[in-house]
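What follows draws every value from the coordinates through simple rules; no lab data is involved. This one's a predicted model, so the numbers in the text were calculated from it and none came from an experiment. Quick reminder, even Gly has a Cβ in these numbers, built from the backbone with ideal geometry, and neighbours come from all protein chains shown.
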Amino acid sequence: MIPFLSLKDVTAKYASEIHEAVMRVVDSGWYLLGKELGSFETNYANYIGTKYCIGVANGLDALTLIFQAYKECGILKDGDEVIVPANTYIASILAITENGLVPVLVEPKFDTLEIDDEVIESKITPRTKAIMIVHLYGRCAYTEKIGELCKRYNLKLVEDNAQAHGCRFGEKRTGSIGDVAGHSFYPGKNLGALGDAGAVTTNDEVLAQTIRSLANYGSSKKYVFEYCGRNSRLDEIQAAVLNVKLKYLDEDNSCRQQVAAYYYDNIRNPFITLPTRMLDENNVYHLFPIFCERRDELQQYLTEQGVQTIIHYPIPPHKQNCYNEWNAIPLPITEKIAREELSLPISPVMEKNMVEYVVETINKFQ
Ligand SMILES: *Cc1c(COP(=O)(O)O)cnc(C)c1O
């Protein structure tokens with residue numbers, strides 16, 4: 001079986017350095033808010049190109065803390081609207097609703113899968129205060145037009161960079177384009193920990209301080225609590241692992257780009273559509289989505305032929321029970337993606353012969 005993603009092999013690639021890093025923390029006797037986290041925050045801020053990085057417990061916390069901090073700073077208030085792509089992972093939307101804000105779902109473009117910047121303006125109301133872009137599948141969702149709209153309507157630009165570590169827009173990395181960004185280091189992400197971890201990056205000093213405090217029970221001075229915060233920490237062992245893996249992120253992303261290039265150059269099947277190809281640096285291929293009207297049949301066939309695939313995502317947020325108030329909203333492109341999407345195996349440890357086998361097998365599907 002060709003696995004969708006073998007985390008075991010991904011870790012094995014850097015095993016000796018990871019073992020050394022983990023044991024260094026074990027032996028140090030210091031497990032939270034120490035040197036490893038400090039150096040990861042510096043390294044990751046430098047990598048992304050922002051002044052500040054705050055390590056937190058996971059990607060959902062990173063996004064939730066961003067909106068909570070904007071509220072504590074008086075920039076957002078209950079009932080304010082946040083524009084967000086309708087086809088995102090549920091975490092992006094939970095971060096908005098958990099803070100008493102209102103998500104306004106915007107359709108993606110089918111050929112890029114990213115938020116449709118031509119639809120955004122028609123969704124802006126006097127209550128709109130922010131746009132959250134999500135760099136889905138590893139592809140940059142930012143456009144000049146989105147930047148202009150933020151300026152013209154005075155909107156904060158929040159990036160969900162959970163799926164696009166290392167992706168660029170021109171000279172800038174995603175995570176440094178907007179006002180603030182949330183990152184997830186869930187094990188399967190391009191930069192993955194060996195458990196949960198996340199971070200916020202920003203150049204906004206006040207926001208950075210507020211988030212750091214909120215993630216530490218609302219306290220920046222021991223036993224003094226300014227906000228009703230939470231406990232959201234990136235622990236020392238995970239920070240040590242991330243320090244190792246960050247050094248190889250660009251190399252790992254270029255392995256993903258080579259797999260993707262082979263898929264683009266060689267998948268030829270009239271029943272299958274690929275998203276529009278982009279400049280490589282604008283796509284770090286967290287996932288490699290393909291589209292097929294007979295998606296479930298295709299998935300079954302690939303499984304029988306020994307190729308594991310995953311659907312991202314079978315039920316869009318507006319069709320979920322937790323958001324039943326939106327179930328009747330028509331979002332045809334988002335629904336088409338949910339119906340037809342299938343993600344092929346892609347990772348920095350995929351061997352050439354595996355990629356060739358996947359292509360051969362797909363090309364024979366009829
Ligand atoms: C993974 C992911 C998250 C959430 O990250 P966790 O670390 O699992 O909480 C948020 N947004 C998107 C787009 C994701 O893919």
If one computes the Cα centroid of segment 34-65 and of segment 99-120, what distance in Å separates the two points?
26
Lys247 neighbourhood, Cβ < 15 Å, K/R = +1, D/E = -1, net charge -4
Sequence of Lys222, Lys13, Lys189, Lys352 once ranked by neighbouring C-beta atoms within 10 Å, starting from the fewest:
Lys222, Lys352, Lys13, Lys189
Step through the table entries Lys51/Lys151; Lys13/Lys35; Lys172/Lys245; Lys51/Lys189; Lys109/Lys189; Lys145/Lys352, compare each Cα-Cα distance with 28 Å, and write down the pairs that go over it.
Lys145/Lys352
If every Lys and Arg gets +1 and every Asp and Glu gets -1 at its Cβ, then about the Cα centre segment 12-94 yields a dipole, in debye to the nearest 20, of 140
Rounded to whole angstrom, the alpha-carbon centroid of segment 294-364 lies from that of segment 177-252 at a distance of 30
Tell me the net charge near Lys77. Cut-off is 14 Å between Cβ atoms, Lys77 excluded, with +1 for each Lys or Arg and -1 for each Asp or Glu.
0
Theoretical gain in end-to-end length, Arg24 to Ser39 [0.36 nm per residue, Cα-Cα removed]
4.0 nm
With charges set only on the Cβ (+1 for Lys and Arg, -1 for Asp and Glu), what does the dipole of the chain come to about its Cα centre, in debye to the nearest 20?
460
What are the semi-axes of the equivalent ellipsoid for segment 199-336, taken as the square roots of 5 times the Cα gyration tensor eigenvalues, largest first, in whole Å?
39, 24, 15
Identify which of Phe185, Phe225, Phe67 has the largest mean-square fluctuation in a Gaussian network model of the chain, with springs joining Cα atoms closer than 10 Å.
Phe225
Taking the chain and counting helices only, DSSP H stretches of n ≥ 4 at -39,500 (n - 2.57) each over all residues, the nearest-500 ellipticity at 222 nm comes to -11500 deg cm²/dmol
Quick one: Asp27, Asp61, fewest Cβ neighbours within 10 Å first, how do they rank?
Asp27, Asp61
Net dipole in debye of segment 163-319 [+1 Lys, Arg Cβ; -1 Asp, Glu Cβ; about Cα centre; nearest 20]:
280
If the viscosity is 0.890 mPa s and the temperature 25 °C, what Stokes-Einstein diffusion coefficient in µm²/s follows for the chain when Rh is the Kirkwood radius over Cα pairs?
116
Between Ile310, Leu274, Val284, whose Cα lies farthest towards the positive end of the dipole of segment 266-321 when Lys and Arg beta carbons carry +1 and Asp and Glu beta carbons carry -1, centred on the Cα centre?
Leu274
Chymotrypsin sites (Phe, Trp or Tyr not before Pro) restricted to segment 28-64 and DSSP loop, no more than 16 other C-beta within 10 Å
Trp30, Tyr31
Which residue, Leu5, Ile75, Asn154, has the largest displacement toward the positive end of the dipole of the chain when charges sit on each Cβ (Lys, Arg +1; Asp, Glu -1)?
Ile75
